[in-house]
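Data block below; observations after.
Since every read-out is calculated from the coordinates, none of them should be taken as a lab result. Source: prediction; values computed, not measured. Cβ atoms come from the backbone with ideal geometry, glycine included; neighbour counts cover every protein chain shown.
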Amino acid sequence: MDEKEKICLMKIKRLDLKKQWRNEEKKLLPIVKNVLSSGIYVGGKYINSLEKKLAKYCGTKYAICTNSGTDALTLALHVSGIKRGDEVITQSNSFIASASCIAHLGAIPVFADVDKNRMLDPNSVEKKITKKTKAIIPVHLSGEIGHMNLLKRIAIKHNLHIIEDAAQSIGSSLILNSKNQKKYMSGSFGTLGCFSAHPLKNLNAAGDSGFIVTDNKAYYNRIKLLINHGLKSRGNSKFFGYVSRMDNLQAAIIQYRLKGLNNKILARRKNAEIYFSELKSVPIKLPLESRRSFNSYHLFVIQTKNRNKLKDFLKKRGIETDIHYPIPIHRQDVYSSLSKKKLSLKNTEAQAKTILSLPIHEFLKKKEILYICNQIKIFFNEK
């Protein structure tokens, strides 16, 4: 890099939570003070209000606030009757929580392969089904909803639960039937939908938080007890439960941010449009865009065989990128506790070497995205 290039360098973060707070401080701080001054920190009006708003947003009858997306998945499996020795099919190109929720119940995570766009492959799923299979957990990576129409058919055929890992896809939607054009929101396809509101997510708290959505009243009622020790009243537990409640402060923050979520998603989609326009002639694989799907772009993930070199190249030019995820779960140390056999997942393993997450957050300026695109073009022109 010559001296002229150094002068033109920009510093671009993959995410900017500090800027989010600066933009919100005047309106959000009084809400935070209101919660703290109320003395009501566990339970409270914000929990009840937020659950109603989340259910409406996701197009379901019920929502339950939890302390994390991980606990949301665990609770969903619990009420679905998943027990020791059962098998649950999911994907390995995800965060560890997509599998740990299964293992913590004594069940067995069974990993199917993904397609070329990193979504759970229905053909691979069907091949993995046994008499022990009880559920499928598709992961809506990066905001993209996968093959839910095909997975629902498989689930109905084999009498399986579908529990959506929608941690990255709040606000995404999919048209299942091209004839009626009805949009289904992320989390509303399966028996239960599980979300994370971790600070890195599009709808984010100021700490760990999550929630579950469902149309099943019995599951809703049971989870409402499970998250709070199984307590029917202060001194009477119906069954042994967990401590998986969201606190009132996080609920207040999430409820405030929910109002601006659609604008945040639209800003991310506009950023994605610039990437698509500028990078269409570059020898990389861009995210899949479909007329039937609406991607909320939690992440903007490209694929290239030159991933590591490109990542280093961009870092030297002030551009922060990330890899989601560098080591598939079935290749991590923890997998040896599940199976002694070496598992081969062709697409999953190949993509782990090629995926790269570019900055996509709502605070990016057009000139910053153009700078990123120009640097990517320079990289490939130099090769």
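Per-structure values
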quantity: Label-zone membership for the range 100-124, site SER339, 7 angstrom Cα→C-beta point, backbone N under 12 Å; calculated: 108-113
quantity: Computed helical MRE - 222 nm, the chain, DSSP H runs ≥ 4 contributing -39500 (n - 2.57), nearest 500; calculated: -12000 deg cm²/dmol
quantity: Gain on full stretching of the segment that runs from GLN181 to HIS158 - 0.36 nm per residue minus C-alpha separation; calculated: 5.6 nm
quantity: Cα-centred dipole magnitude for the chain, charges only on beta-carbon of K, R (+1) and D, E (-1), debye, nearest 20; calculated: 520
quantity: Among PRO199, SER209, ILE175 the positive-end extreme of the charge dipole of the range 151-210 (Cβ point charges); calculated: ILE175
quantity: Set LYS201/LYS270; LYS19/LYS365; LYS270/LYS309; LYS127/LYS152 screened for pairs whose C-alpha atoms are more than 20 Å apart; calculated: LYS270/LYS309
quantity: Radius 15 Å from Cβ of LEU77, net charge of other residues (Lys, Arg +1; Asp, Glu -1); calculated: 0
quantity: Sequence ranges 336-349, 116-129, ranked by mean other-Cβ count within 10 angstrom, highest first; calculated: 116-129, 336-349
quantity: Dipole of the range 254-341, positive end: most advanced residue of LEU261, PHE294, ASN308 [Cβ charges, Cα centre]; calculated: PHE294
quantity: For the range 87-145 and the range 219-272, distance of Cα centres in Å; calculated: 24
quantity: Ranked packing of 150-162, 228-240, 10-22, 132-144, most packed first, by mean Cβ within 10 Å; calculated: 132-144, 150-162, 10-22, 228-240
quantity: Kirkwood-based shape ratio for the range 22-258, expressed as Rg/Rh from alpha carbons; calculated: 0.98
quantity: The range 277-383: mean projected area of Cα convex hull, nm²; calculated: 8.9
quantity: Residue-count net charge about ASP86 - beta-carbon cut-off 9 Å; Lys, Arg +1, Asp, Glu -1; calculated: +3
quantity: Across LYS61/LYS232; LYS56/LYS182; LYS285/LYS377; LYS128/LYS157; LYS53/LYS264, pairs whose alpha-carbon gap is larger than 19 Å; calculated: LYS61/LYS232
quantity: Beta bridges per DSSP with both ends in the chain, % antiparallel, nearest 5; calculated: 65
quantity: Rounded if a/c under 1.5, otherwise prolate or oblate - the range 285-342, Cα gyration tensor axes; calculated: oblate
quantity: Formal net charge of residues neighbouring LEU28 (Cβ-Cβ distance under 13 Å; K, R +1; D, E -1); calculated: +4
